[in-house]
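Each remark here refers to the structure printed beneath this line.
Here, each number is a calculation from the coordinates, and none is a lab measurement. Not measured: the values here are computed from a predicted model. For neighbour counting, all protein chains shown are included, and Cβ atoms are generated from backbone atoms with ideal geometry for every residue, glycine included.
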Amino acid sequence: MELESLYQEVIMDHNKNPRCFHKLSEYTHTADGFNPLCGDKVQVYLLIKDNKIVDIGFTGVGCAISQASASMMCQIVKNYTIEEILELSKIFREGLTKDIPIDKDIGSLEALLSVKKFPMRVKCATLAWHTLENSLKGEKHG
């Protein structure tokens, strides 16, 4: 099986069976994200204690790439510190937008790096990550 085919399977699995797809009943941080180019929407909910994400969830609608990216993100960042999350987000976004090698293991996110070949879809892959970063900037509303 080709690596690209495997990556497509990972993306489709996360789209069809998103992990952490729910609004948390208790959360400390939240943000909404919207991509006006394609209509993708995502809401991220975080429960942060002692500078670590102890729980995370997301809701939203969108293309397979945006939903898969949000699902993968949620699986990966749980139990990470805020600093670790911001660093991983930066590495992932640079991997999608710059011609630089990634020297850190980014796990299942590797499957999304093939999106780089389709510049119009990069925003789909990074929407949840931008929303996560925005949620870290403030406390929950409401």
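List of remarks:
- To the nearest ten degrees, helix 3-16 and the longest principal axis of the Cα atoms of the chain are 30 degrees apart.
- Relative contact order (percent, whole number), the range 3-136, Cα cutoff 8 Å, 6+ residue spacing: 30 percent
- Whole-number D in µm² s⁻¹ for the range 3-136, Kirkwood Cα-pair radius fed into Stokes-Einstein, 10 °C, 1.306 mPa s: 109 µm²/s
- Among the cysteines of the chain, those with no neighbouring cysteine Cβ under 4.7 Å are 38, 63, 124.
- In degrees, nearest ten, helix 122-136 long axis to first principal axis of the chain (Cα): 20 degrees
- Net charge over other residues, Cβ less than 11 angstrom from the Cβ of residue 133 (K, R count +1; D, E count -1): +3
- Between the Cα long axis of helix 82-97 and the first principal axis of the chain there is an angle of about 30°, rounded to the nearest 10.
- A helix-only calculation puts the chain at -13500 deg cm²/dmol for mean residue ellipticity at 222 nm, using -39500 (n - 2.57) for each DSSP H run of at least four residues, averaged over all residues.
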